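Let me begin by presenting the structure, written as structure tokens, before commenting on it.
We did not get these values from a lab; they are worked out from the coordinates using the rules stated. Predicted, not measured: the structure shown is a model, and the values here were computed from it. So basically every Cβ, Gly included, is an ideal-geometry build from the backbone, and we count neighbours across all protein chains shown.
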Amino acid sequence: MKTIAPEMEAEAEESDFKPLTAQEAEQWRSRNPPISVWKVVAGQALVGVFVALVAWVWTGRASVGWSAAYGALAVVAPAALFARGVLRHRASANPRAAMVGFFGWEIAKIVLTVALLAAAPRLVPELSWIALLVGMVIAMKTYWVALLVRPGVRKTD
């Protein structure tokens, strides 16, 4: 078995890298436009409302609809907090500070999510955990749809 020294392996990986020219970078940016984080959060909220209404109509119980809505809220509120925190400090000149800020807001997002879930039995009368989880999961997965249907994305065959 032939082994490659770590230095030689790193050099081999670096040699495969070819930086984009300014024109290539501009073409890439035009093919991959950025999507607003706030549009994704708004999409999650709209989907959460839709799921709550469907749950309410399907089961005929308002408590199931409120449970699904609360599940979506447990995703949307922390996501909005995270987006606000990260975007507020996004232009930091210090990459280390930016990364620490990112992880700090991620921890805040997780803590808020856990707190909302812990408060659910006291805040939602006749809580349906299944409906809450369905609302959460569907709201969480909404950002994938936003990434797939964003304007300007060209599908390759």
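For S67, S36, what ranking results if the residue with the fewest other Cβ atoms within 10 Å of its Cβ goes first?
S36, S67
How large is ³J(HN,Hα), in whole Hz, for each residue of region 46-52 in order, when computed from phi with the Karplus curve 6.51 cos²θ - 1.76 cosθ + 1.60 and θ = phi - 60°, using x for Gly and Pro?
Here the 3J(HN,Hα) series is 5, 5, x, 5, 4, 4, 5 Hz.
Kindly rank 39-52, 106-119, 19-32 from highest to lowest mean number of other beta carbons found within 10 Å of each residue.
Put in order of decreasing packing, that is 39-52, 106-119, 19-32.
Quick check on region 35-143: take the gyration tensor over C-alpha atoms, sort the square-rooted eigenvalues as a ≥ b ≥ c, and tell me if it's rounded (a/c under 1.5), prolate or oblate.
It is prolate, given that a/c is not under 1.5 and a/b is the larger ratio.
With r defined as the distance between the Cβ atoms of A62 and V114 and R0 fixed at 25 Å, what FRET efficiency is calculated, to the nearest 0.05?
It comes to 0.45.
Mind ordering 55-64, 75-84 by average Cβ neighbours within 10 Å, highest first?
The most tightly packed comes first, giving 75-84, 55-64.
Be a star and scan region 36-74 for residues whose amide nitrogen sits under 12 Å from the point 7 Å along the Cα-to-Cβ vector of L20.
Once the point is set 7 Å along Cα→Cβ of L20, nothing inside region 36-74 turns out to lie under 12 Å by backbone N.
Using each residue's phi in region 60-72, evaluate 6.51 cos²θ - 1.76 cosθ + 1.60 at θ = phi - 60° and report the 3J(HN,Hα) Karplus result to the nearest Hz, with x for Gly and Pro.
Result, ordered by residue: x, 10, 5, 4, 5, x, 5, 5, 5, 5, 5, x, 5 Hz.
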